[in-house]
Amino acid sequence: NLKPQKMAVGSLGNSTRVQEVTRRVVEQFTAIVFRRCNSVTATVDDSEQGSMAPTTATAAAAAAAAAAAAAAVYIAYKWTKNWRYVSVGNGRCILLTGCDTGFGRHVAQQALDAGFKVVAACYTEAGAATFASTTATIVVADLTTAEGVERVVKAALAAAGDAGLFALVNNAGLCLPGNVDWLPPDAYERSMALNFHAPVKLTYALLPALKSTRGRVVNVTSVDGVVALPSTAAYSASKHALEAFSDVLRAEMLPWDVNVVVVEPGTMRTPLAEAFADGWLRSFREAPAERTAAYGDEWARRHVTQTNKGMEAAMVDAMPTALELVHRALLHPSPPSRILPAKGNAKILWTLGQLPDSIRDRVLYSLVFPSLLPLTLRPPPPPPPAGVVSHVTVDVSSLKASLPFYEKLGMQAFPSSVAGAQFLAAGATGRRQPLLLLRENATMTERGPTWLAGMPRLCIYSTDVDADVRRLAEAGLEPMAPVAEDAMAKIAAYYDPDRYVVYLIEFKRPLGWAVRLQRAYHRIGDPMMFHLTVNVPNAEAGLRDFESLGFKTLNDQREDQVLYQLLAAFNISTTETSIKHIRLCKLPRDSHFMMCIMHWDKPRTEQTGAELLNSVTIAVNDVNAALDAAAAAGMRVEPAATRVLPLYGEVAIGAAFVDGGSRVEFCCFASS
């Protein structure tokens, strides 16, 4: 029945009020205990009248009452312990470093509001200017230099005056992220200089003053000082060092009653945290190429994207932690030795740190690098089964120039390349997706408009076109025209460096729901290669050829059913264009990848030679048998020959030409 009124942190008016609340709590607990003891006594008296000896049950009840009383007193003490704050700073002087931005600035403002005299050490004049309208004593200094430390110490002692310095709060710090594989030793030296050596030097210089006032040292470390996360070696090492220094200092200062408090925040919304992913990528790109080649640029970009998403989800407002530091580390007469803030992910990471090393390492790696493998460790895909589209080939003038474009779209490049050809994989899937083969062709003819014969467009399905457009814009890719949409779909189209068109499509409900179910059923990740467009001059011949190759029709659209509004995404007129026929078809053994066969009437599809720049390859068990079947259907064929493909080595490849132009290859991977 005890319901004492609990006051919010920082709302206690004075120590008398705290004592009154504590007194009421203890009185009520005491009353409960006495009532319970009187009940037990009455039970014992009744038992003695009947049997001259207390029963076993009565003795157990008495023991339970005593245990309850002890527990009540302990709970009352613990409950009221954190209420016994000193109500105000009373003008006592504290030195706080790292006040330019973020957490340090919040702590400085809260300390000023609590009545402390604050000496705010800033690194820049711009940071110092933010305190111009406050009563804080401002000192601008570089704490990694002897001159900067001396300037801050003199300013703190001068501001403290005869009253003496009450507290030193070491908050200044920097984070230089990067994997141990490429982060240079200089990054460790710079991190230690500010995160560890500066607090040590300030503590050494000011410890006599703090001993004379029985003051305190507050070291702001990090949860990374308890659990070292991958990619934070320099930062975590410096914070671990500061933790150890604090532990030794706290023990040695016991005779002088100098409190040493370690604050271990999690991920807060500060400039340091917001710049983490960009700093990691910068260290990756500035490292020697031989140190990062095993990882790959696409791996690095994906890691940055995932890190930004993870940081955005994990970051919390820095203000509650700043309040907690001021109230528990500075105002409390008996501060705790460690403060693990209630807000944020600090307690979660601390818990992970208690796991066995073998388990913790795997958990932490999966948190920092989820579902990502460095380039050279990525396993090659198994040979495709017969009866599926194995890959789509796109000619490029420069492999080096084109790879970044496709990697920004989400394609993952495999490490091996052969004669200027390299495979890229789309998103992970429970069933196989076709690969993309970029083939370097320095003498390739210029690609013409998107309605010419051939395979001029690759379609990738997107669950959110607008979000993908924003993501690609941040990566430096802009669509060839504004996003187009109608009641059925939304499209954004992009040119690769050689003007090959790759476009994103998103269907609206109910068709969009059906595609999402298909993705979930086959466990298809992003990007999802959706279909390849084939323009044919003669619709009847083109459709017949694809049927003879084994493609089954899924959908036919006549001229009056075409969604012309979507053509605006390709810079094509929506009013002066006429498309006679569109067919979606696929091989029965393919889970989702389709061919989109189009017959343009206005402007008219023509063969110019550019149709040979791209091709689609079908996996077969017998190339010659597939060529014989294509020839029997009236298609022009190219005899089988041995070629070397990346990942697969020597394979037999032949080709047939749909409607006399577009190239469809047959490849036997059985012996690869």
Conditions (1) part of a helix (DSSP H, G or I); (2) buried (at least 21 other Cβ atoms within 10 Å of the Cβ); number of the one not met by residue 568: (2)
Lone unmet requirement of (1) in contact (Cβ under 8 Å) with a residue 40 or more places away in the chain; (2) over 29 Å from the mean Cα position of the chain (by Cα); (3) surrounded by fewer than 20 Cβ atoms within 10 Å (Cβ to Cβ) for residue 414: (2)
Test set (1) free of Cβ contacts under 8 Å to residues at least 40 places away in the same chain; (2) more than 28 Å from residue 362 (Cβ to Cβ); (3) touching a helix residue (DSSP H, G or I) at 6+ places or on another chain (Cβ under 6 Å) - residue 243 fails condition number: (2)
Cross-chain or 6+ apart pairs with Cβ under 8 Å, the stretch 282-307 first and within 18 Å of residue 411 (Cβ to Cβ) and of a type in the set (A, V, I, L, M, F, W, C), then in a helix (DSSP H, G or I) and modelled with pLDDT of 85 or more: 300/281; 300/284; 300/285; 300/292; 304/277; 304/278; 304/280; 304/281
Subset tally (residues that are touching a Cys at 6+ places or on another chain (Cβ under 8 Å) and open to solvent by 10 Å² or more (accessible area, probe 1.4 Å)) for the stretch 646-667: 1
Every residue from the stretch 562-582 that is within 23 Å of residue 519 (Cβ to Cβ) and either within 35 Å of the chain's Cα centre (by Cα) or charged (D, E, K, R) (or both): 566, 569
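Listed here are the residues, each with its yes/no results for (1) at pLDDT 95 or above; (2) within 36 Å of the chain's Cα centre (by Cα); (3) of a type in the set (Asp, Glu).
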residue	(1), (2), (3)
140	yes, yes, no
143	yes, yes, no
153	yes, no, no
165	yes, no, no
205	yes, no, no
208	yes, no, no
222	no, yes, no
Test: residue in the stretch 333-344 that is in contact with a His (Cβ under 7 Å, 6 or more places away or on another chain) and open to solvent by 40 Å² or more (accessible area, probe 1.4 Å): no
Matching residues in the stretch 354-368 - criterion: being farther than 19 Å from residue 179 by Cα and surrounded by 14 or more Cβ atoms within 10 Å (Cβ to Cβ): 355
Residue count for the stretch 595-634, restricted to those that are assigned to a helix (DSSP H, G or I) and among the polar types (S, T, N, Q): 1
Tally, over the stretch 290-305, of residues that are open to solvent by 60 Å² or more (accessible area, probe 1.4 Å) and at pLDDT 85 or above: 2
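Every residue, every condition in (1) at pLDDT below 90; (2) in contact with a Phe, Trp or Tyr (Cβ under 9 Å, 6 or more places away or on another chain); (3) farther than 18 Å from residue 216 by Cα, yes or no:
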{"residue": "59", "(1), (2), (3)": "yes, no, yes"}
{"residue": "68", "(1), (2), (3)": "yes, no, yes"}
{"residue": "102", "(1), (2), (3)": "yes, no, yes"}
{"residue": "111", "(1), (2), (3)": "no, no, no"}
{"residue": "123", "(1), (2), (3)": "no, no, yes"}
{"residue": "128", "(1), (2), (3)": "no, no, yes"}
{"residue": "135", "(1), (2), (3)": "no, no, yes"}
Identity of the residue in the stretch 550-564, assigned to a strand (DSSP E or B) and not basic (Lys, Arg), that ends up surrounded by the most Cβ atoms within 10 Å (Cβ to Cβ): 557
Counted residues, the stretch 369-383 - those being under 23 Å from the mean Cα position of the chain (by Cα), open to solvent by less than 40 Å² (accessible area, probe 1.4 Å) and in contact (Cβ under 8 Å) with a residue 60 or more places away in the chain: 4
Failed item, numbered, when residue 180 is tested on (1) surrounded by fewer than 22 Cβ atoms within 10 Å (Cβ to Cβ); (2) assigned to a strand (DSSP E or B): (2)
Residues of the stretch 387-411 satisfying the condition of being part of a helix (DSSP H, G or I) and open to solvent by less than 50 Å² (accessible area, probe 1.4 Å): 399, 402, 403, 404, 405, 406, 407
Any helices (runs of 4 or more DSSP H) falling wholly within the stretch 188-302 and containing at least 1 residues that are within 23 Å of residue 322 (Cα to Cα) and not aliphatic (A, V, I, L, M): 198-213, 233-252, 271-274, 276-286
Test: residue 238 is over 21 Å from residue 106 (Cα atoms) and buried (at least 22 other Cβ atoms within 10 Å of the Cβ): yes
Residue among 263, 258 that alone is open to solvent by less than 60 Å² (accessible area, probe 1.4 Å), aliphatic (A, V, I, L, M), farther than 26 Å from residue 190 by Cβ and modelled with pLDDT of 90 or more: 258
Test: residue in the stretch 214-224 that is over 24 Å from residue 147 (Cα atoms) and surrounded by fewer than 18 Cβ atoms within 10 Å (Cβ to Cβ): yes
Search result, residues across the stretch 412-424 that are part of a strand (DSSP E or B) and either β-branched (Val, Ile, Thr) or farther than 18 Å from residue 468 by Cβ (or both): 413, 414, 415, 416, 417, 418, 421, 422, 423
Count of the stretch 144-170 residues which are outside any helix (DSSP H, G or I) and surrounded by fewer than 22 Cβ atoms within 10 Å (Cβ to Cβ): 3
Residues within the stretch 628-645 that are without any contact (Cβ under 8 Å) to a residue 40 or more places away in the chain and either open to solvent by less than 10 Å² (accessible area, probe 1.4 Å) or among the acidic types (Asp, Glu) (or both), tallied: 2
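The values are calculated or read from the model by the stated rules, or taken from the named source; none is laboratory data. Quick caveat: nothing in here was measured; it's all calculated off a predicted structure. Positions of Cβ are backbone-derived with ideal geometry, glycine not excepted, and every protein chain shown enters the neighbour counts. Accessible surface is based on the protein model in full, side chains and every heavy atom, while ligands, DNA and RNA are left aside. Shrake-Rupley method; radii C 1.70, N 1.55, O 1.52, S 1.80 Å.
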